[in-house]
Amino acid sequence: MASVNHICHLCEEENVSNVATIWCAECETFLCKGCERHHSRIKASKRHQTITLDEYKKLPSFIVDIKSRCEKHDEKYDFYCKFHGDPCCVKCIKDKHKDCRDLDPLVEILRDIKTSAKVSNLDKEFNILLENFETVVKFLNFRTANLQENKTESLNEIRNMRASINKHLDKIEKKMVDDLSLEFNKIKLKSDQFNSEIEDKKKYIQNLQEDLSKLTMYATDLQIFIGLQYLEKSASEEVEVLHDLQKKGQLDEIRLETKFSSDLKCLTDNISTFGTAVAHSSPCTLQLKTSGKYQVHLSVPPKLTIDNIKLNLTTTLKIPNTFKKKEIIGCQILPDGRILILDRISTSLLLFSKNGKYLEKVMVVGSPPSDICYIKHNLIAVTIQHRETILLIDFLKKQITNTIKVSQNSFGIDSNGEVLVVNLHGCPPTLLTVNLDGNILSEIKVPGKFTIRTALSKNNIVCTDWHNRHIYCYTTDGILLWTNKYEDICEPFGITIDKNGFIFVASRKNDKIVVLSEDGETSKTILSKENGIVYPFAINIDKSSSTLLVTNSSNVVRDSQDKFKVDKYGKRLLELCRSLELFLANGRVGSDRGIGHSTCNYSVIDYAIVSPTLFRAVTDFNVLPFDPVPSDVHNHICLQLFSNIASVNNLNVSVDLDITNDSDIVIACEGESIVKPRWASD
C-alpha cells in the first residue's frame, strides 16, 4: 500500500484535519488519538478490534477491500451462505438467499478462525508450493547444465568425426557446429525466459504467504475468513499452473544430440551436409511434493544410489610376454574406448584397443612413472616421481609437448581438461592445482604422509591415504568437505569418480573394489577376490560409457629381513619348492607382505609353504611377536586360508602375476583354473 497520512474520519466531519493513528475495521473508520479514546469507551464500539496505522498499511490490498458491512444494504453481516460462499445480512437473505438452506451464523463460522486448521493447512500448502517452484528452478538450472554437457559431448563427436575425414568437410562442419549452437541457444533462451517466469511465480507465492501471515496477525476475523478464500483460490490456481506446466510438456527432459548424415561415410563429392543438431525431449520425471487438498500428481524420478551399481566383465587386457617384469602403476580409458597402461618397470606407455588387444608401445618415459590421466584431445599427463616433473604427452604424435617442474615427488594426478591436480609427497603432502602451462593455481595441505592418489570431480578433489585407510574430500578452494574411514577398505590406493559422483576405490590389502556415495556416507564392495581382484592398484572409469578399468598388481615381490647369505639348507628348500611347484608365504602375503619378518633372532628360518591352489586361498600370513613360553628362540607364524576356493574355476579372467624377482605365477581362468610357479633358470 502507498505510504500516505490518513485523516481521522470523525474529525474530518467537523472540518478538522487530525492525522489518524488507528483503524477500526468494523466501523471502517480512521481514528485519531482523541477519537480513539472515546471509541474504546463507548459500549457499542469498545469491543471492536482496532489496529495501528502502521499495521493497517501492512495489510494486503485485497484484505483492505473486504468490508465488514453489506455494501448493498448497509447492514452488518450476520450469516454465511455455504452454497454461494458469501457472507450476508438479514436483508440479503430475503433478496438473494431465501431458497438457500446452508445458512450458518457468522459468529460460529468465525470462531477461532486464526487458530483453525484451515490457516495452518494453507500455510503448509504455500510452503509446499514454494518448495515445488524452487524444485522447478533447480531442475531448469540442472537441465541447462545438462544441455551444456550435451552440447560439449556433441561438439566432441563432431570434432572426432571431423578429424577422420578430409578437408572437403571444413565448410559443412562449421554449419553443423552452428546448427548445434543455434539449437542450444534457442532452447536456452526459452529456458531462461521460462526460468524467469518461474522465479516470478516464486515471488508471488512468497507474497501470498506473507499476506497470510499478516492476515492472521492484523486482520479481523471476517477479513481473515474472506481473505482465506481468496488465498485458497490463488493457491489452487498456482497448483493448476504446475499441472499445466507438466501437461504442456514445459518440464519435459530435453537432450541435444547429433545425427550424422548417412552419406558421410561415403566421402564423396556430393556430400552437402555435416549432419543436423536436434533436441529430443522426454516426458517429465520431476518430483513435486503434494498435499491432500491441492495435490498435482507428477511422476518421481528414481534416485540413483550405489546399490544400483552392477558390474559385468567385458574385456580382459592381455599384456605381451615380452614384458616379463611389469608393475602396472596407472591406467586410463581414452574417449574413443582405447586404453593406455603405464608400466613402472619398463617405464613404458602401452596402448590397447577397446577390446583389450595390445596395439603398441607408445613411448618410454625414461624414469619410473607414478600415474597417468587424460586431459583433452590427444593430450595426457604422466607424473615422474623422483624427477619431480609432470610430462604432457601427445600420445598420437608420441611426443612430450611440455614438462612441468614441481617442488616435490609427484604421485597421483587427474584433470578436468583445463587444470591438473597432482599429489606431491611432502611433509605434509600437498594437492597442487596447476594450469597446462604449469602455473600454480592453488595448494592444499592434506593430512597423512601416505596421501598419494587423487581424483577430480566437478569442484571437488578426493584423495586416498592408503596407510591410515582414510578418504578425504576437498573443494578446489581447500575446504575439507568430509573425511571417512571404512571397514571394507584396507589400503585404499587407486581412486576414480564416475559421472554420477560415485567414488570407486581400489582397496589393495583386502583385494576389493569399493564404491562410495558422493557424500562419503555409504560404501559398498562391488568386486572382490572372487571376481579376480588381486591386490588392485590403478583404477579408472570412463564417464561417458561407465566402463570401469581395474589393474591388478603384477609384481608382488617377496621381501625378507633376513640379510644373511643363503646356506646349503636354504638352497635345498628352494630346490624342493621348485621341483614340487610350491610357494613360500613369508614376506609375500597378508600382514607380512612387503616385510618378511625374521622368525629366529635375525634370520628367517620358519616358513609357511603352500601349493599354488592354496596360495590363492591365503587371506593372511603373519609372524607373531616372540613368546619365550612355547619356544626359546623361534617366533610363532600364523597362516589363514579362505575355504571357498572352488568359485575361482568359473572366473573368466586372465591375470599374470610376477610373484618374486625369480618366480612367476600364471592364472588362466577359462573354464578351469591352472596355477603353477615359473622359476628362473638361475
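Tell me which of these S68 doesn't satisfy, since it passes every other one: (1) touching a residue at least 12 places away in the same chain (Cβ under 8 Å); (2) out of contact with any Asp or Glu (no Cβ under 9 Å at 6 or more places or on another chain).
The number of the failed condition is (2).
Kindly evaluate F352 against the criterion of being closer than 26 Å to T314 by Cβ and not β-branched (V, I, T).
Considered against the rule, which asks whether it is closer than 26 Å to T314 by Cβ and not β-branched (V, I, T), F352 comes out as yes.
Take V300 and tell me if it is open to solvent by 80 Å² or more (accessible area, probe 1.4 Å), within 32 Å of the chain's Cα centre (by Cα), aliphatic (A, V, I, L, M) and at pLDDT below 70.
In short, yes.
Is it the case that some residue within segment 80-88 is open to solvent by 70 Å² or more (accessible area, probe 1.4 Å) and in the same structural domain as L245 (by the TED database)?
No; the residues of segment 80-88 include none that is open to solvent by 70 Å² or more (accessible area, probe 1.4 Å) and in the same structural domain as L245 (by the TED database).
Do the conditions hold for S282, that is, is it at pLDDT below 75, open to solvent by 70 Å² or more (accessible area, probe 1.4 Å) and at negative phi?
no
Given the conditions (1) in contact (Cβ under 8 Å) with a residue 40 or more places away in the chain; (2) more than 56 Å from the chain's Cα centre (by Cα), report the number of the one that N18 does not fulfil.
Every condition holds for N18 apart from (1).
Quick check on my filter: what residues within segment 175-190 are touching a Ser or Thr at 6+ places or on another chain (Cβ under 8 Å) and either touching a residue at least 60 places away in the same chain (Cβ under 8 Å) or aliphatic (A, V, I, L, M) (or both)?
Those that are touching a Ser or Thr at 6+ places or on another chain (Cβ under 8 Å) and either touching a residue at least 60 places away in the same chain (Cβ under 8 Å) or aliphatic (A, V, I, L, M) (or both): K175, M176, D179, L180.
So which of F83, F62 is under 22 Å from K96 (Cα atoms), under 55 Å from the mean Cα position of the chain (by Cα) and not β-branched (V, I, T)?
F83
Out of curiosity, is N146 open to solvent by 60 Å² or more (accessible area, probe 1.4 Å), out of contact with any strand residue (DSSP E or B) (no Cβ under 6 Å at 6 or more places or on another chain), assigned by the TED database to the domain that holds I254 and touching a residue at least 12 places away in the same chain (Cβ under 8 Å)?
It is false that N146 is open to solvent by 60 Å² or more (accessible area, probe 1.4 Å), out of contact with any strand residue (DSSP E or B) (no Cβ under 6 Å at 6 or more places or on another chain), assigned by the TED database to the domain that holds I254 and touching a residue at least 12 places away in the same chain (Cβ under 8 Å).
Which of the residues that make up segment 144-163 are at pLDDT below 80 and charged (D, E, K, R)?
Passing the criteria: only R162.
Taking I372 as the residue in question, decide whether it is in contact (Cβ under 8 Å) with a residue 40 or more places away in the chain, surrounded by 15 or more Cβ atoms within 10 Å (Cβ to Cβ) and more than 13 Å from V422 (Cα to Cα).
It is false that I372 is in contact (Cβ under 8 Å) with a residue 40 or more places away in the chain, surrounded by 15 or more Cβ atoms within 10 Å (Cβ to Cβ) and more than 13 Å from V422 (Cα to Cα).
Based on what the data block shows, is E14 within 26 Å of L228 (Cα to Cα) and surrounded by fewer than 18 Cβ atoms within 10 Å (Cβ to Cβ)?
No; evaluated as a whole, the condition is false for this residue.
Does I341 count as in the same structural domain as S546 (by the TED database), touching a Cys at 6+ places or on another chain (Cβ under 7 Å), of a type in the set (A, V, I, L, M, F, W, C) and surrounded by 18 or more Cβ atoms within 10 Å (Cβ to Cβ)?
Spelling it out, I341 is indeed in the same structural domain as S546 (by the TED database), touching a Cys at 6+ places or on another chain (Cβ under 7 Å), of a type in the set (A, V, I, L, M, F, W, C) and surrounded by 18 or more Cβ atoms within 10 Å (Cβ to Cβ).
From the list S181, S196, which one is surrounded by 14 or more Cβ atoms within 10 Å (Cβ to Cβ) and small (G, A, S)?
None of the other options fit; the residue is S181.
Quick one: which of R588, R616 is at pLDDT 75 or above, open to solvent by less than 70 Å² (accessible area, probe 1.4 Å) and under 39 Å from the mean Cα position of the chain (by Cα)?
Just one listed residue meets the conditions, R588.
Any residue in segment 345-359 that's within 14 Å of I333 (Cβ to Cβ): show its pairings with residues that are of a type in the set (A, V, I, L, M) and surrounded by fewer than 13 Cβ atoms within 10 Å (Cβ to Cβ) at Cβ separation under 7 Å, as long as the two are six or more apart or on different chains.
Correct list of pairs: L351/L359; F352/L359; S353/L359.
Which is part of a loop (DSSP other than H, G, I, E, B) and over 25 Å from the mean Cα position of the chain (by Cα), of I319, I329, I341?
The conditions single out I319.
Can you work out which of the residues in segment 514-555 that are of a type in the set (S, T, Y), over 18 Å from A455 (Cβ atoms) and buried (at least 21 other Cβ atoms within 10 Å of the Cβ) is modelled with the lowest pLDDT?
Of everything passing the filter in segment 514-555, S554 is modelled with the lowest pLDDT.
Taking only pairs six or more apart or across chains, which ones have beta-carbon atoms under 6 Å, a first residue in segment 39-57 that is closer than 12 Å to A25 by Cβ, and a second residue that is open to solvent by 50 Å² or more (accessible area, probe 1.4 Å) and outside any strand (DSSP E or B)?
Short answer, once both residue conditions are applied: H48/E26.
Looking only at segment 471-485, decide whether some residue is assigned by the TED database to the domain that holds H386, crowded, with 19+ Cβ neighbours inside 10 Å and over 17 Å from the mean Cα position of the chain (by Cα).
Checked against the condition, which is being assigned by the TED database to the domain that holds H386, crowded, with 19+ Cβ neighbours inside 10 Å and over 17 Å from the mean Cα position of the chain (by Cα), segment 471-485 yields no hits at all.
Any idea which of V505, V534 is assigned to a loop (DSSP other than H, G, I, E, B) and of a type in the set (A, V, I, L, M)?
None of the other options fit; the residue is V534.
Does G426 count as touching a Ser or Thr at 6+ places or on another chain (Cβ under 9 Å) and surrounded by fewer than 17 Cβ atoms within 10 Å (Cβ to Cβ)?
So G426 passes the test.
The values are calculated or read from the model by the stated rules, or taken from the named source; none is laboratory data. All values derive from a computational prediction rather than experimental measurement. Neighbour counts run over all protein chains shown; Cβ positions are idealised from the backbone, glycine included. Keep in mind that these areas ignore ligands, DNA and RNA; they rest on the heavy atoms of the full protein, side chains included. Shrake-Rupley method; radii C 1.70, N 1.55, O 1.52, S 1.80 Å.
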